[in-house]
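Colleague: Please find one structure pasted underneath; my questions will follow.
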Amino acid sequence: MSEELDAWRERALAVGCAALVDAMMRHHEHKADLPALRSPAPERPLFGPAVTMQFLPTRDDLPGKDRGFAEVFDDAVRDAPTGAALVMSSGGYPHMSHAGGVKLYRMSRHRLAGVLADGQLRDFAELAAMDVATWCRGEAVRWGGDHVMPYAANVAVEVAGVTVVPGDYVFVDSAGGVVIPAASLETVLTEAETVVADDERFRAGIESGSDR
């Protein structure tokens, strides 16, 4: 992870998800907040620039239908910086498995920060043992390839009603998540720090009674 990315990560962790969402709402009109998700290691927040995998409902006559997870994954991460966040859409099936421990073991080799999946994942115990952040809709036991298939890499995808463009910054913790356009990252981080500072002043005023 670069020093710049590491510094941004520390600032994001310091303010937390709610302040980042408030900051986004002050500077953008579009929906950017994600609901609370599940993780095999919820103590690990996810932060990093997005690389994306688009899933579609399984269909046997589409060109490229035989490209498996590994090929689409490799396309997604080919030029990814260290500390990138893999974002996978659901293909309309958020409650089906989209990958598991074996397929996602590739994340460590490519030095990704982790994965945000709008579907379920298998093998939570294996995922928890990896040194990456993993957030998804829940744990699955059934293979989902007869319902969804990986189709395209590094295109705009939808996650829980939010558009994620490759290069956007993704932050997810146990409270929820937020998607921040790359061009707005510094502005949003600074605004979120202002939100936290204002809240601390309000809290101090309530404690002292000077808020009346």
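The values are calculated or read from the model by the stated rules, or taken from the named source; none is laboratory data. What you see is a predicted model; the values in this text were computed from it and never measured. In this analysis, Cβ positions are derived from the backbone assuming ideal geometry, glycine residues included, and neighbour counts consider all displayed protein chains. Just the protein is used for accessible areas: all its heavy atoms, side chains included, with ligands, DNA and RNA removed. Shrake-Rupley method; radii C 1.70, N 1.55, O 1.52, S 1.80 Å.
Colleague: I need the fraction of alpha carbon pairs in the stretch 61-172 separated by more than 18 Å, rounded to a whole percent.
Modeller: Result: 46 percent of Cα pairs exceed 18 Å.
Colleague: Any idea what the dipole of the stretch 30-95 comes to, in debye rounded to 20, about its Cα centre with Lys/Arg Cβ at +1 and Asp/Glu Cβ at -1?
Modeller: Computed about the Cα centre, the dipole is about 240 debye.
Colleague: Also, quick follow-up: Taking the alpha-carbon centroid of each part, what is the distance from the stretch 108-183 to the stretch 7-61 in angstrom?
Modeller: Each part reduced to its Cα centre gives a spacing of 9 Å.
Colleague: Go ahead and set up a Gaussian network model of the chain, Cα springs under 10 Å, then flag whichever of 105, 169, 93 fluctuates most.
Modeller: Between 105, 169, 93, it is 105 that shows the largest mean-square fluctuation.
Colleague: Got a sec to turn the phi values of the stretch 114-127 into Karplus ³J(HN,Hα) couplings, 6.51 cos²θ - 1.76 cosθ + 1.60 with θ = phi - 60°, whole Hz, x for Gly and Pro?
Modeller: My calculation for the stretch 114-127 gives x, 9, 10, 10, 7, x, 8, 10, 9, 6, 4, 4, 5, 5 Hz in order.
Colleague: Given points 7 Å out from each Cα along the Cα-Cβ axis, report the residue 155 to residue 108 separation in nanometres with one decimal.
Modeller: Here the answer is 3.2 nm between the modelled labels.
Colleague: Here is a follow-up. Hey, got the dipole for the stretch 160-212? About the Cα centre, +1 on K and R Cβ, -1 on D and E Cβ, debye to the nearest 20?
Modeller: Rounded to the nearest 20 debye, it is 120 debye.
Colleague: For the chain, count the residues as N, evaluate 2.2 N^0.38 Å, and divide the Cα radius of gyration by that value, please.
Modeller: 1.07
Colleague: I would also like to ask the following. Hey, what's the stretch 43-155 come to in accessible area per residue, 1.4 Å probe, Å²?
Modeller: For the stretch 43-155, the per-residue accessible area is 43 Å².
Colleague: In the stretch 30-165, carbon and sulfur make up what percent of the accessible area (probe 1.4 Å)?
Modeller: 51 percent
Colleague: With no solvent and one point on each alpha carbon, what is the Debye value of log10 I(q)/I(0) for the stretch 40-112 at q = 0.13, 0.16 Å⁻¹?
Modeller: -0.42, -0.64
Colleague: Counting only the backbone N, which residues of the stretch 79-99 are under 19 Å from the spot 7 Å out from the Cα of residue 62 toward its beta-carbon?
Modeller: 87-99
Colleague: Moving to a separate point now. Just subtract the alpha-carbon distance of residue 208 and residue 6 from 0.36 nm times their residue separation and send over the number in nm, one decimal.
Modeller: Difference between extended and current length: 69.0 nm.
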